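In what follows, a structure is listed as structure tokens, so that the remarks can point back to it.
The values are calculated or read from the model by the stated rules, or taken from the named source; none is laboratory data. Remember, it's a predicted structure, so these values are computed and weren't measured experimentally. Here the Cβ positions follow ideal geometry from the backbone for every residue, glycine too, while neighbour counts run over all protein chains shown.
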Amino acid sequence: MTEVVKNYINGKWVESKSKETSDVINPATGEVIAKTPMSTIEETNQAIEAAKQAFRRWRSTPTMTRARHLNRIRSAFEDHFEELSKILTTEQGKTLDEARGEYRRTIENIECATSIPSLQMGYNAEDIAAGIDEMVIKQPLGVFFCIAPFNFPGMVPTWFWPFAIGTGNTYIVKPSPQVPLSQVRQFEIIHELGLPKGVLNMVHGGAEVANALIESPDTIGVSFVGSTHVGKIVYKKAGEFGKRAQVQGGAKNFITVMPDADLKRTVPAIITSFYGCTGQRCLAGGVLLAVGDIYEPLKEKVVEASEELIVGNGLEEGVQMGPMASKHGMEHTLSLIESGIKEGAELLLDGRGIKVDGYPDGYFIGPTVFDKVKPDMKIATEEIFGPVIPIIHVKDLDEAIEIIDANRYGNASSVFTSSGKVARDYQYRVKAGNIGINIGVAAPIATFPFSGMKDSFLGDLHGQGQDAVDFFTENKVIITRWF
Amino acid sequence: MALGTFGAVMQFAIDNEAGTMGLYEQAVRLSSSKKVKAFFADLVEQLSKRVDTLERIRRENITEMILEPITDFYADEYPLKLEMNENDDRVVCESAIIVEETRMKFFRYGAQKLEFLIEVADAFERMADENQENIDSLRSFL
């Protein structure tokens, strides 16, 4: 019988009483490998209560002690690196290298949060008036939680919880019901390390759990990563209930290639950008803007490189692109490929119907390239979240930026060029939170905020780095005069 | 087989080093000279450290920003014969020289292919240098 994963509440593994579950499917084989319970409001409230109770002692635990707990978790994740990467690939589909890359960033986030004793320092000024001093201390607030996505199930929660608990808050993770196993294994590892009960909790489920977390008078703030549609609902509701919120939504990332780009270096970066994680990154390339004369040679080389990509089960070393993470995701991508054809784009490479030996039930789509794409076509405006490169030929940088600005999203954008002036223009003018200069995947490391603009991000403080520390703390101002 | 990803290159390297460790354990058993025996025992220890190093640099150097496909790198160009049956020290050392040469060639070329990952390239170069030193020592036994 397939195992139903458990919640982790107050330092204990707890079976959900809910009868309703959703299947966890290995997308390479189509097999059901576990089930996720749709936990109840009561169970969610138990996790909130546990976190609330734990907060009282945890916030007064010395900051260096909290950092040492994080250090132990970091080391344990290093020890289990390969095992964690394989679990991630099994439930999500991405290749082993991509899973390893995800765990590298997971660990880097925890590493960054071990600097909390420095990052959480306040500041002060003497004599702001005669004999009066003023200072800011950064205090933890209470119970925070995240609603995690399916595309980076190992890493995304660590954009948040290491910083939250490092600063003295307590935390609840709600993993994506599609891919709970990475978090379950992480929590099993953490369970062995002696973190005080209630500091870190996990509740599986869907909208009911998310709503209960937001509506509770005992939670302080939410970190959400997922679609813009759901993100806007979360953000609105968070406002209604007076919560802090940081909401990372969808993306359509434009990759601009200038005529002076070094094609030999550019093409592999483009391939990684569009096809990495089978196009299911929020930093994945979404549209390729070929500027001027680079159009023909770029198109030819991109198709050539796309044809060479090895598609298969991500667990097999050497596979360069795994399956889509779900049947639903595969169908969504296929429907957008259809729309591209209907709207008149030219299909240069068709990844539909790809067969992978030994995996007849996997959710595979091969690399797909569209030419003669118009800026108003669905494949140029909507997030595909699949391995598709729509190419638009533009005359110059101004036209490229005009197209980028017209899009509702602003998560990331990259330019490939040999010109410093073009690079500066690009980073100065393009409205996207993460800019790549000759970088296909502009993924900020843990010490920098994972940025985002327009419909890709709602809120003001981002995940990771100092932004995360600020999100999880209140700047309390103290003005002092001694008689 | 194409070594088209960072993971494929690293796994191939780790498998080769682990396989060679098994081979040299046989060499310790098969060789009759104390000196040669001791040398192969040292090599087994060296290989164990190399496997640890390779596993660590695989974990620590995988960076999402530059997970680009690797081209023109093939496992078939570095075939290793990982068994020994002769108990003649000369034959054992000659077989080991071929194994060291093949791995040295792999690490030298791998360092070039992965030059954008400085720590990996440095480690590969260091390992290739060690292979060269091992070859020199093995030749001294002939």
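Before moving on, here are some points about what is shown:
- Any chance A:Gly314 is at pLDDT below 95 and within 13 Å of another protein chain (Cβ to nearest Cβ): no
- For region B:61-106, the candidate set comprises residues that are more than 14 Å from chain A (Cβ to nearest Cβ) and in contact with a Gly (Cβ under 8 Å, 6 or more places away or on another chain); within that set, the residue that is modelled with the highest pLDDT is B:Leu80.
- Residue pairs meeting the criteria (Cβ under 6 Å; at least 6 apart or on separate chains; first under 16 Å from A:Arg265 (Cβ atoms), in region A:295-307; second not in a helix (DSSP H, G or I)): A:Leu298/A:Val257; A:Leu298/A:Ala290
- Screening region A:1-30 for residues that are in contact (Cβ under 8 Å) with a residue 60 or more places away in the chain and of a type in the set (D, E, K, R) and picking the one that is surrounded by the fewest Cβ atoms within 10 Å (Cβ to Cβ) gives A:Lys12.
- Checklist (1) more than 14 Å from chain A (Cβ to nearest Cβ); (2) within 22 Å of B:Arg126 (Cα to Cα) applied to B:Glu115, failing item: (1)
- Positions within region A:32-80 being touching a helix residue (DSSP H, G or I) at 6+ places or on another chain (Cβ under 7 Å) and within 14 Å of chain B (Cβ to nearest Cβ), in sequence order: A:Arg74, A:Ala76, A:Phe77, A:Glu78, A:His80
- Of residues in region A:83-116 being away from chain B (no Cβ under 13 Å), β-branched (Val, Ile, Thr) and more than 24 Å from A:Val24 (Cα to Cα), the one surrounded by the fewest Cβ atoms within 10 Å (Cβ to Cβ): A:Thr114
- The condition (being part of a loop (DSSP other than H, G, I, E, B), at pLDDT 95 or above and in contact with a Pro (Cβ under 7 Å, 6 or more places away or on another chain)) is satisfied by just one residue among A:Ser39, A:Ser22, A:Ser16: A:Ser16.
- Of the criteria (1) more than 10 Å from every other protein chain (Cβ to nearest Cβ); (2) in a helix (DSSP H, G or I), which one A:Asn124 fails: (2)
- Subset tally (residues that are polar (S, T, N, Q) and either in contact with an Asp or Glu (Cβ under 8 Å, 6 or more places away or on another chain) or under 17 Å from A:Thr89 (Cβ atoms) (or both)) for region A:11-35: 4
- Considering A:Val179, A:Val156, the condition of being within 14 Å of another protein chain (Cβ to nearest Cβ), modelled with pLDDT of 95 or more and within 14 Å of the chain's Cα centre (by Cα) is satisfied by A:Val156 alone.
- Restricting attention to region A:370-416, the residues being among the hydroxyl-bearing types (Ser, Thr, Tyr) and surrounded by fewer than 24 Cβ atoms within 10 Å (Cβ to Cβ) number 1.
- Of all residues making up region A:316-375, the number that are under 22 Å from the mean Cα position of the chain (by Cα) and without any contact (Cβ under 8 Å) to a residue 24 or more places away in the chain: 2
- Residue, nearest to B:Cys93 (Cα to Cα), within region B:1-33, restricted to residues that are among the β-branched types (Val, Ile, Thr) and within 14 Å of chain A (Cβ to nearest Cβ): B:Ile14
- Residue in region B:43-58 that is more than 8 Å from chain A (Cβ to nearest Cβ) and assigned to a loop (DSSP other than H, G, I, E, B) present: no
- Filter result (among the hydroxyl-bearing types (Ser, Thr, Tyr) and touching a residue at least 40 places away in the same chain (Cβ under 8 Å)) within region A:61-79: A:Thr61, A:Thr63
- Across region A:117-147, the qualifying residues are those that are β-branched (Val, Ile, Thr) and surrounded by fewer than 24 Cβ atoms within 10 Å (Cβ to Cβ), and the one among them that is nearest to A:Gly198 (Cα to Cα) is A:Ile137.
- All positions within region A:140-178 that are among the polar types (S, T, N, Q) and within 18 Å of A:Gln464 (Cα to Cα): A:Asn151, A:Thr158, A:Thr167, A:Asn169, A:Thr170
- Residue in region A:63-84 that is touching a strand residue (DSSP E or B) at 6+ places or on another chain (Cβ under 6 Å) and not assigned by TED's automatic domain parsing to the domain that holds A:Ile354 present: no
- Candidate set: region B:67-92, residues that are free of Cβ contacts under 8 Å to residues at least 60 places away in the same chain and crowded, with 18+ Cβ neighbours inside 10 Å; chosen: the one nearest to A:Ala284 (Cα to Cα): B:Glu68
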